[in-house]
């Protein structure tokens, strides 16, 4: 009988802890604490399907840096999930860093996520979400803002 996650996904998408994943690096999903060395994933990002980054509390932002490294420097294109102390008001920043899925027990989170995706029409810094920053929009009047 195949194993399934609580969400009904095949068990192969259930992330292993980083220490367990190191013993089975062929596994397609891994969960990192913000103290785990994200650089160790670099040779494997092309085949990983899910990387879960943990926010142990809302004031600990190390997972933002991990996300930027994975998306920007390592070219990771699979699912990048934020879990732990994920708050509604942090969603726009998480999206900008490359997170594309979230786990939160906070009430109203799904509705807030839908709103956060379109909350800001103009951004100031280039990040991993591909949106064009305001400075470039000012210089190149032929470029329209990306929602």
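Computed quantities for the displayed model
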| item | result |
| --- | --- |
| Test set (1) surrounded by 14 or more Cβ atoms within 10 Å (Cβ to Cβ); (2) closer than 21 Å to residue 133 by Cα; (3) without any contact (Cβ under 8 Å) to a residue 40 or more places away in the chain - residue 66 fails condition number | (2) |
| Single residue of 53, 80, 48 found to be modelled with pLDDT of 95 or more and either under 22 Å from residue 111 (Cβ atoms) or in a loop (DSSP other than H, G, I, E, B) (or both) | 48 |
| Filtered residue count, the stretch 24-45, keeping only those that are closer than 26 Å to residue 106 by Cβ and loosely packed, with under 14 Cβ neighbours inside 10 Å | 1 |
| Residue count, the stretch 60-74 (criterion: at pLDDT below 95 and not in a helix (DSSP H, G or I)) | 2 |
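The values are calculated or read from the model by the stated rules, or taken from the named source; none is laboratory data. Please read all numbers here as calculations on a predicted model, not as lab measurements. All Cβ positions, even for glycine, are placed from backbone atoms using ideal geometry, and neighbour counts span all protein chains on display.
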